[in-house]
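Right, one structure below, let's go through it.
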Amino acid sequence: MTDDATIEPAQATEPAAEDVDAAAEALIEDVALAALDAAELEVAADGQTVTAWIDRAGYVELMAAARNAGFDTFVDLCAVDYFRRQPRFEVVVIVFALEQRRRLLVKVGVPGGEPTLDSLTPLWPGANFYEREAYDLFGIHFSGHPDLTRILLPDDWEGHPLRKDYAVGSVPVQFKGAHQTP
């Protein structure tokens with residue numbers, strides 16, 4: 001290689017703004033988010049991901065519309081405890097449309113006094129274990145779930161350890177020679 005040869009770094013190509021807007025609008029129309037009065041929408045810069053914040057009342061209807069719009073792959077369901085915020089819990093669901101290569105994130109607020117949300121297992125059977133995990137660790141009940149039992153902790157475990165108000169507890173540790181008299 002000679003000294004006068006220069007190597008140009010790879011240039012990252014970003015989609016044009018009009019392409020992002022068109023993709024985002026198509027995604028929003030396909031899922032009918034506007035018709036369901038989602039509380040808030042956010043479109044990622046790539047135009048392929050839409051995040052929707054929705055209340056519990058429209059949750060299953062939105063997810064069924066997403067399934068019918070081609071979001072056939074269930075990716076993830078997790079919960080977050082915002083302890084001092086209302087609603088206390090937030091359930092985040094991610095689904096993916098393989099053919100269109102688009103992602104939908106749905107965030108649903110769940111009140112701490114009544115932590116109940118409808119199950120997605122009838123729409124996506126793969127949601128089964130994710131909902132059980134959220135139930136086990138956060139205590140969120142999923143109505144209509146076929147087998148809402150603990151999945152990670154023993155059946156006789158008391159409480160839900162990922163809640164912010166769950167007692168941390170401790171295990172006493174005894175060091176060798178700590179209590180020897182001289």
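The values are calculated or read from the model by the stated rules, or taken from the named source; none is laboratory data. On a predicted model such as this, the values are computed, not experimentally measured, just so you know. So basically every Cβ, Gly included, is an ideal-geometry build from the backbone, and we count neighbours across all protein chains shown.
TRP124 meets all of the listed conditions (1) of a type outside the set (Ser, Thr, Tyr); (2) over 18 Å from the mean Cα position of the chain (by Cα); (3) at pLDDT 95 or above but one, namely (2).
Anything in the stretch 38-49 that is surrounded by fewer than 17 Cβ atoms within 10 Å (Cβ to Cβ) and either in a strand (DSSP E or B) or of a type outside the set (D, E, K, R) (or both)? List them, or say none. Listed by number, the residues that qualify are ALA39, GLU40, LEU41, GLU42, ALA44, ALA45.
When the residues of the stretch 91-101 are filtered to those that are of a type outside the set (Lys, Arg) and surrounded by fewer than 17 Cβ atoms within 10 Å (Cβ to Cβ), which remaining residue is farthest from PHE71 (Cα to Cα)? So, considering only residues that are of a type outside the set (Lys, Arg) and surrounded by fewer than 17 Cβ atoms within 10 Å (Cβ to Cβ), the one farthest from PHE71 (Cα to Cα) is VAL92.
Within the stretch 147-167, can one find any residue that is touching a strand residue (DSSP E or B) at 6+ places or on another chain (Cβ under 8 Å) and either at pLDDT below 75 or among the basic types (Lys, Arg) (or both)? Reasoning before the result, please.
Of the residues in the stretch 147-167, the ones touching a strand residue (DSSP E or B) at 6+ places or on another chain (Cβ under 8 Å) are 148, 162-164.
Still in the running and either at pLDDT below 75 or among the basic types (Lys, Arg) (or both): 163-164.
Taking every residue of the stretch 147-167 in turn, at least one turns out to be touching a strand residue (DSSP E or B) at 6+ places or on another chain (Cβ under 8 Å) and either at pLDDT below 75 or among the basic types (Lys, Arg) (or both).
Residues in the stretch 151-171 that are exposed (fewer than 10 other Cβ atoms within 10 Å of the Cβ), of a type in the set (A, V, I, L, M) and farther than 22 Å from TYR82 by Cα: VAL171 only.
Going through (1) at pLDDT below 90; (2) of a type outside the set (A, V, I, L, M); (3) surrounded by 14 or more Cβ atoms within 10 Å (Cβ to Cβ); (4) in a loop (DSSP other than H, G, I, E, B) one by one, THR2 falls short only on (3).
Look at the stretch 54-70: where a residue is on the phi > 0 side of the Ramachandran plot and surrounded by fewer than 18 Cβ atoms within 10 Å (Cβ to Cβ), no partner that is assigned to a loop (DSSP other than H, G, I, E, B) and among the hydroxyl-bearing types (Ser, Thr, Tyr) sits 6+ places away or on another chain with Cβ atoms under 8 Å.
Counting only residues that are under 19 Å from ASP81 (Cα atoms) and not basic (Lys, Arg), how many does the stretch 130-150 have? Break it down stepwise before answering.
First pass over the stretch 130-150, keeping only residues under 19 Å from ASP81 (Cα atoms): 130-142, 150.
Of the ones still in play, those that are also not basic (Lys, Arg) are 130-131, 133-142.
Summing the residues that are under 19 Å from ASP81 (Cα atoms) and not basic (Lys, Arg) in the stretch 130-150 gives 12.
Starting from residues that are among the polar types (S, T, N, Q) and more than 22 Å from VAL50 (Cβ to Cβ), keep the ones in the stretch 79-121 and report whichever is modelled with the lowest pLDDT. The selected residue is GLN86.
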